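Below is one structure; the comments refer to it alone.
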Ligand SMILES: CC(C)(COP(=O)(O)OP(=O)(O)OC[C@H]1O[C@@H](n2cnc3c(N)ncnc32)[C@H](O)[C@@H]1OP(=O)(O)O)[C@@H](O)C(=O)NCCC(=O)NCCS
């Protein structure tokens with residue numbers, strides 16, 4: 001039976017390390033405040049000449065190298081990002097050009113922190129139906145150019161880092177459903193009633209007569225706005241729901257999962273989810289301390305880091321869940 005296997009991953013973060021203390025020059029914050037509230041210790045921010053597709057390209061090249069496949073074997077590219085190179089065309093098109101694989105479909109997914117799970121799910125459907133055999137799925141974010149790095153924006157600005165993670169997903173003729181490596185299932189949700197709880201209001205067509213509105217620009221409508229407490233409260237509700245949905249769909253229990261790789265928005269969110277299920281600490285793999293929240297990139301970065309840390313090995317059963325702007329949320333279970 002044709003199923004989807006995660007062949008390999010690759011990541012890239014820009015070289016410029018920004019520690020919590022470095023942010024004190026830009027806004028009234030402290031290492032203590034950031035660590036206590038979020039667990040973040042540092043993040044990487046790209047330089048002015050880098051774009052999201054540049055980060056995606058480096059991660060994609062590593063994923064292809066680790067998967068030991070040539071780029072010419074790819075049937076499709078999917079890029080999840082909320083920080084595109086340009087409003088249109090999609091960042092997947094720019095990545096495709098840089099990677100040098102013209103002709104194959106290139107699709108952008110705009111589901112924010114849940115973007116990678118949505119993208120995995122889309123790739124999984126194309127592969128399971130037999131339409132495509134190898135799909136490059138990338139989560140890439142360049143937040144630092146879009147953050148309000150001053151007192152006004154400090155609640156949001158301290159949370160986000162730049163980075164990209166890529167995975168090569170491939171068709172596999174699965175013979176042993178219990179032991180072979182493949183994606184068991186993906187589960188996707190959204191509730192647009194919460195769209196304005198975490199969003200960038202402009203530029204856009206929802207702002208009156210002109211897409212770009214100078215006076216709103218002066219008020220900072222192009223910077224992210226967040227109701228942090230509402231996001232937090234919904235995340236600790238929806239992520240466990242999504243984990244349970246995935247477990248139930250596969251007749252599994254928490255104890256059956258070897259490793260949990262959750263979206264990295266806040267260490268406290270992940271600790272609360274783990275506590276609800278009594279998951280032992282060593283079974284949860286977090287990277288937020290090192291990279292902050294890289295939105296669509298957190299899950300592939302988590303996979304790749306876990307592999308290199310020796311925490312994720314071939315044959316292990318992994319559960320992932322994510323929650324973010326939209327609100328969107330989702331989960332997946334796969335055998336790596
Ligand atoms: C943002 C978040 C860390 C704030 O934590 P919190 O517990 O709600 O905040 P607290 O109530 O403890 O603190 C708020 C105070 O800190 C201040 N503050 C905000 N940002 C600050 C910063 N970077 N440094 C120092 N102080 C800050 C606020 O002005 C406020 O001050 P006041 O009490 O004098 O009004 C938390 O709400 C959160 O993580 N939410 C989820 C965000 C998220 O996951 N976003 C991504 C979605 S995927």
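No value in this document is a laboratory result; all are computed from the given coordinates. The structure presented is a predicted model; accordingly, all values stated were derived computationally and were not measured. Heads up, the Cβs are rebuilt from the backbone with ideal geometry, glycines too, and the neighbour counts pull from every protein chain shown.
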message: Taking R0 as 45 Å, what FRET efficiency do you get between residue 215 and residue 271 from their Cβ-Cβ distance, rounded to the nearest 0.05?
response: 0.60
statement: In a Gaussian network model of the chain with springs linking alpha carbons closer than 10 Å, the residue among 293, 20, 193 that fluctuates most is 193
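Just need the relative contact order of the chain here, percent rounded to a whole number, with Cα pairs under 8 Å and 6+ apart. Intermediate results must be reported in sequence, preceding the final value.
Values: 798 pairs, mean separation 86.2, N = 336.
So the answer I get is 26 percent.
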field: Angle in degrees between helix 298-308 and the longest Cα principal axis of the chain, rounded to the nearest 10
entry: 60 degrees
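Which percent, nearest 5, of DSSP beta bridges in the chain are antiparallel? Before the final figure, lay out each step's value.
Working: 38 of 51 bridges.
Here the antiparallel bridges make up roughly 75 percent for the chain.
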- prompt: Label residue 255 and residue 150 with points 7 Å out from Cα along Cα→Cβ: what is the distance between them in nm?
  reply: 5.7 nm
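Volume per residue, Å³, of the convex hull around the alpha-carbon atoms of the chain?
Values: hull volume 44.2 nm³, N = 336.
Once divided by residue count, the hull of the chain is 131 Å³.
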- prompt: In a GNM of the chain with a 10 Å cut-off on Cα contacts, which of 273, 168, 138 has the highest mean-square fluctuation?
  reply: 273
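For every helix of n ≥ 4 consecutive DSSP H residues, a contribution of -39,500 (n - 2.57) applies; sum these over the chain, divide by its total residues, and give [θ] at 222 nm rounded to the nearest 500 deg cm²/dmol.
On the way: 10 runs with 103 residues, N = 336.
Here the helix-only value at 222 nm equals -9000 deg cm²/dmol.
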- line: Rounded to whole angstroms and listed largest first, the alpha-carbon spread of segment 69-188 along its three principal axes comes to 57, 34, 21
- request: Report, in degrees rounded to the nearest 10, the 0 to 90 angle that the Cα long axis of helix 52-67 makes with the longest principal axis of the chain.
  value: 20 degrees
message: Given an 8 Å cut-off on Cα distances and at least 6 residues of separation, report the relative contact order of segment 57-204 as a percent.
response: 25 percent
- line: Using alpha carbon centers only, segment 1-80 is separated from segment 115-146 by a whole-angstrom value of 15 Å
task: Calculate how large, on average over all directions, the projected area of the Cα convex hull of segment 216-336 is; give the answer in nm² to one decimal.
output: 8.1 nm²
Relative counts (whole %) of C-alpha pair distances in segment 88-128, using bins that are 10 Å wide: 27, 47, 25
field: Semi-axis lengths (Å, descending) of the ellipsoid that matches the C-alpha gyration tensor of segment 5-78
entry: 34, 14, 9
- prompt: In the Gaussian network model of the chain, springs joining C-alpha atoms below 10 Å, which of 109, 18, 212 carries the largest mean-square fluctuation?
  reply: 212
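With both bridge residues required to lie in segment 2-173, what share of the DSSP beta bridges run antiparallel, to the nearest 5%?
Numbers: 21 of 30 bridges.
Antiparallel: roughly 70 percent of the beta bridges in segment 2-173.
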query: So how far, in whole Å, is the C-alpha centre of segment 171-196 from the one of segment 223-292?
result: 16 Å
